[in-house]
Amino acid sequence: MTSRTAGKRAKAAGKPTTKRTRGGRGPQRGTPWRTVLIAVVVVAALAGLYLVYRSTTHTAAGGSGTSAGGGSGYPYAVGQPGVGAPAPGFDLASTTGRRLDLASLNARTVLLYFQEGLSCQPCWDQLTDLEKHSADLKAAGIDTVVSITSDPVDLLTQKVHDMGLSTPVLSDPDLAVSKTYHANDYGMMGTSRDGHTFILVRRGTIAWRADYGGAPKYTMFVPTTGILTDLRNASGGSGASTGATP
């Protein structure tokens, strides 16, 4: 062996061996898009868990009810204050041009309908349907329907006039009344607007409640016949009744 050959072998022995990949390329770095994809999947999973948690929290806080078993087919929650609790009082501007005080209706059975407002046409179609079934509501023991939402009273008055409605719609612009009933906890707009809540008040006491507007369906229209079916089912078939919170 010559001194030159020995020198080459000595240099080769001192060099680190680089593993070649298929195609003769050198070592490959990690792909950035794969890291991004993993991050997106993790975020989506966390968001899903949060939505499940939020829905469960709402149900736990307000109680829950369903219209299954021969009911309307529209799921609903039962929030608080619930059946048997005093109905929080209010005095709000009305589309009738006057103010309406709940205490003035103590001798009547009143169906309060909290709704999203001018941005929700199905909510107004609901009022039209309620008026078309006024005889059915009377037969169920309901004397008066009053709607509450957060839009300004002048705009509500114009809407009522345009649609030819006679139901008084009350303006609760800062949601002060809606918050006392937690009617803004069950809707697609978070807590910034009411959802689709019906509360039956008899002589100042809540007799039945159904919050239809919450997750997962965010219902903004329920046929009046379905509402009355859920009311009868909750009361054991006795019409405007006590209802129950599971």
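Annotations
- Candidate set from the range 154-179 (those that are of a type in the set (Ser, Thr, Tyr) and in contact with a helix residue (DSSP H, G or I) (Cβ under 8 Å, 6 or more places away or on another chain)); member that is farthest from Thr191 (Cα to Cα): Ser166
To keep it simple, each residue is scored yes or no on (1) in a loop (DSSP other than H, G, I, E, B); (2) farther than 22 Å from Leu92 by Cα.
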residue	(1), (2)
Leu155	no, no
Thr180	no, no
Val201	no, no
Ala215	yes, yes
Gly226	no, yes
Thr229	no, yes
Gly236	yes, yes
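- Answer from Asp151, Asp162, Asp194, Asp174 - the residue that is modelled with pLDDT of 95 or more and over 21 Å from the mean Cα position of the chain (by Cα): Asp162
- The set of residues from the range 157-191 being surrounded by fewer than 16 Cβ atoms within 10 Å (Cβ to Cβ), of a type in the set (Gly, Ala, Ser) and under 16 Å from Gly82 (Cα atoms) is empty.
- In the range 125-153, the residues that are out of contact with any helix residue (DSSP H, G or I) (no Cβ under 6 Å at 6 or more places or on another chain), within 18 Å of Tyr212 (Cα to Cα) and assigned to a helix (DSSP H, G or I): Asp125, Gln126, Leu127, Thr128
- Only one entry in Asp211, Asp194 is under 20 Å from Ser94 (Cβ atoms), of a type in the set (Asp, Glu) and buried (at least 23 other Cβ atoms within 10 Å of the Cβ), namely Asp194.
For (1) touching a residue at least 40 places away in the same chain (Cβ under 8 Å); (2) closer than 14 Å to Glu116 by Cα, each residue gets a yes or a no:
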site	(1), (2)
Ile142	yes, no
Val145	no, no
Pro152	no, yes
Thr157	yes, no
Tyr181	yes, no
Ser192	no, yes
Ile199	yes, no
Ala207	yes, no
Tyr212	yes, yes
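- Selection over the range 214-236 of residues that are at negative phi, surrounded by fewer than 16 Cβ atoms within 10 Å (Cβ to Cβ) and free of Cβ contacts under 8 Å to residues at least 40 places away in the same chain gives a count of 0.
- When residues of the range 80-117 are limited to those that are among the small types (Gly, Ala, Ser) and closer than 19 Å to Asp143 by Cβ, the one surrounded by the most Cβ atoms within 10 Å (Cβ to Cβ): Ala87
- The test for being modelled with pLDDT of 95 or more and closer than 15 Å to Ala77 by Cα holds for Ala183.
- The set of residues in the range 129-150 that are of a type in the set (Ser, Thr, Tyr) and more than 19 Å from Gly164 (Cβ to Cβ) contains only Ser150.
- Taking the numbered list (1) assigned to a strand (DSSP E or B); (2) touching a Ser or Thr at 6+ places or on another chain (Cβ under 7 Å); (3) over 20 Å from His133 (Cβ atoms) in turn, Arg193 passes all entries but (1).
- Count of residues meeting criterion [free of Cβ contacts under 8 Å to residues at least 60 places away in the same chain and either surrounded by 14 or more Cβ atoms within 10 Å (Cβ to Cβ) or not charged (D, E, K, R) (or both)] in the range 120-138: 7
The values are calculated or read from the model by the stated rules, or taken from the named source; none is laboratory data. The structure presented is a predicted model; accordingly, all values stated were derived computationally and were not measured. So basically every Cβ, Gly included, is an ideal-geometry build from the backbone, and we count neighbours across all protein chains shown.
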